[in-house]
Amino acid sequence: MLSPVPDDDGAPFWQYAARGELRIQACADCGELRFPPRPCCPHCHSFASEWRRMSGRGRVWSYVVPHPPLLPAYAAQAPYNAIVVELAEAPRIRLVGNLVSGPGAPLNSVAVERIRIGARVQVVFTEAGSDAAGTSVPRWVLERS
Ligand code: ZN
């Protein structure tokens with residue numbers, strides 16, 4: 001697995017993820033959420049920011065099924081999915097991830113035929129590979145209705 005390589009702006013995202021919290025950067029002046037993290041608010045140009053906790057709920061906005069050629073660790077799991085999730089609190093904010101059957105489940109644990117645009121999903125956190133101990137990556141499971 002590829003591990004995240006946080007930059008300075010994005011580091012808090014991963015620190016919260018390690019605690020099982022999905023947090024998105026928000027402007028501390030106008031309140032506008034923004035992603036990916038960056039120093040300046042595109043709305044009001046303020047440099048003040050905070051990290052707001054999200055419910056972790058969203059909907060599948062789009063998805064793809066990558067096919068080879070892929071990196072070896074991914075090729076072994078193909079066919080799998082990569083989904084784009086729009087967050088319930090902020091539909092303009094979309095996160096790329098994978099739909100899995102549960103925390104720690106492999107990338108191919110949900111059959112591609114089960115994925116639907118608009119399906120409700122909930123974030124789960126999965127420990128990244130041993131090369132990045134302590135790093136948790138957000139993934140998504142179908143919300144039970
Ligand atoms: Zn602002």
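Output yes when any residue across segment 46-69 is in contact with a strand residue (DSSP E or B) (Cβ under 7 Å, 6 or more places away or on another chain) and under 17 Å from Pro4 (Cα atoms), and no when none is. Looking through segment 46-69, none of the residues is in contact with a strand residue (DSSP E or B) (Cβ under 7 Å, 6 or more places away or on another chain) and under 17 Å from Pro4 (Cα atoms). Just one of the listed residues (Ala48, Ala73, Ala78) is in contact with a Pro (Cβ under 7 Å, 6 or more places away or on another chain) and of a type in the set (A, V, I, L, M), namely Ala78.
Gln25 meets the stated requirement of being within 16 Å of the ligand (Cβ to nearest atom), surrounded by 14 or more Cβ atoms within 10 Å (Cβ to Cβ) and either at pLDDT below 95 or on the phi < 0 side of the Ramachandran plot (or both).
Only a single criterion out of (1) within 16 Å of the ligand (Cβ to nearest atom); (2) not in a loop (DSSP other than H, G, I, E, B) is not satisfied by Tyr16, namely (1). In segment 33-58, the residues that are more than 9 Å from the ligand (Cβ to nearest atom) reach residues that are assigned to a loop (DSSP other than H, G, I, E, B) and among the charged types (D, E, K, R) with C-beta atoms within less than 7 angstrom, at least six apart or across chains, in these pairs: Pro37/Asp9; Arg38/Asp9; Pro39/Asp9; Arg53/Glu21; Met54/Glu89; Ser55/Glu89; Arg57/Glu143. Of all the residues in segment 19-48, those that are part of a strand (DSSP E or B) and not basic (Lys, Arg) number 5.
The values are calculated or read from the model by the stated rules, or taken from the named source; none is laboratory data. These numbers come from a predicted model, not from an experiment. Counting neighbours? That spans all protein chains shown, and the Cβs are built from the backbone with ideal geometry, glycine included.
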